[in-house]
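As structure tokens, the structure follows; a few thoughts come after it.
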Amino acid sequence: TAQKLMDDHLVLADALENAELRGMFYIGYGMCLWARERFGKAYDIMHKALAIGETTGHPKVEGYAHAWLTWVCIDIGLPQEALAHGRAARSLAAYFDSGHYPYYHSWDSDGLAYWGTGNYDGIKACSNALMEYGKANTSRRVKTWSRFIMGMGHLTDGDFTAAIEELKMAHLAASDPLYTMFPKLFMGIAAIAGGDYFAMQQDLEEVMAHG
């Protein structure tokens, strides 16, 4: 697995003299830990990467560390810290060539942090920022996230019909298999919340099979 590969090379990574490579390795390692739901360890290793970026002057390491810490913080119940990391990621994105990912990835996570705190206006602002960026950069993935985040906003607002319609548009905009699953999952949640327990049964079964 990816994590085993990272585990096997951690000692070598610790010894790297190139601070940027070492920091990016820790971020990749943290992503693997996050995916395995080892959130505490992911939080620690990504903060280690962030410290490297800050102390050695590598904005790429800082930007990616901030962008991924947003997701870890959401999963351990730290929405305000997640939002702070999101702002920091976007402020750094312009400093390196591959700045698109930390920029839009942090808007995604901000939307989910606002969803967790019930902030509809915050969710809508994130969705609008993503759609604007997606159109400007011809990115289907970013536009998918915009629709998905807005669907979450309608869920927060209790408008389950609007949530399902927005999430359907997210599903139609998705260009890869993984990104078709998130909208389907939450379409099911919206249908159940609206009292229609069987409308999305097939979609939910497909999500479970994919997982």
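The values are calculated or read from the model by the stated rules, or taken from the named source; none is laboratory data. Not measured: the values here are computed from a predicted model. Every residue, glycine among them, receives a Cβ derived from its backbone with ideal geometry; neighbour counts consider all protein chains shown. Protein only, heavy atoms only, side chains kept; ligands, DNA and RNA dropped before computing areas. Shrake-Rupley method; radii C 1.70, N 1.55, O 1.52, S 1.80 Å.
Rolled with a 1.4 Å probe across the full set of protein chains, the surface gives D8 an accessible area near 90 Å².
Give me P(r) over the stretch 146-211, computed from all C-alpha to C-alpha distances, binned every 10 Å, as integer percentages. Answer for the stretch 146-211: a P(r) of 26, 55, 18, 0 percent.
Quick one: helix 201-210 against the long Cα principal axis of the chain, what's the angle to the nearest 10°, folded into 0 to 90? Roughly 20 degrees between the two axes.
The share of C-alpha pairs in the stretch 63-138 whose separation exceeds 21 Å stands at 20 percent.
Working from Cα pairs under 8 Å separated by at least six residues, relative contact order for the chain is 11 percent.
What the chain shows is 50 Å² of accessible area per residue, with the surface traced by a 1.4 Å probe over protein heavy atoms.
If the label point is 7 Å along Cα→Cβ of A193, which residues in the stretch 142-170 have backbone nitrogen under 16 Å from it? The answer is 147-170, whose backbone nitrogens lie closer than 16 Å to the label point.
Working from Cα positions, state the angle (0 to 90°, nearest 10) between the long axis of helix 100-117 and the longest principal axis of the chain. Between helix and principal axis, roughly 60 degrees. Amide H contacts of H58: none lie under 5 Å away among residues 5 or more positions distant or on a separate chain (H built 1.01 Å from N in the peptide plane; Pro and chain starts excluded). Consider the candidate values [x] 11.9; [y] 12.6; [z] 19.9; state which one is mean projected area of the Cα convex hull in nm² computed from the structure displayed. Recomputing mean projected area of the Cα convex hull in nm² here gives the entry labelled [x]. So how much slack lies between D8 and N128, counting 0.36 nm per residue of separation and subtracting their Cα-Cα distance, in nm? Taking 0.36 nm per residue and subtracting the Cα distance, the gain is 39.0 nm.
Taking the longest Cα principal axis of the chain as reference, the axis of helix 120-136 is set at about 70 degrees. Share of carbon and sulfur in the accessible area of the chain stands at 56%, probe radius 1.4 Å.
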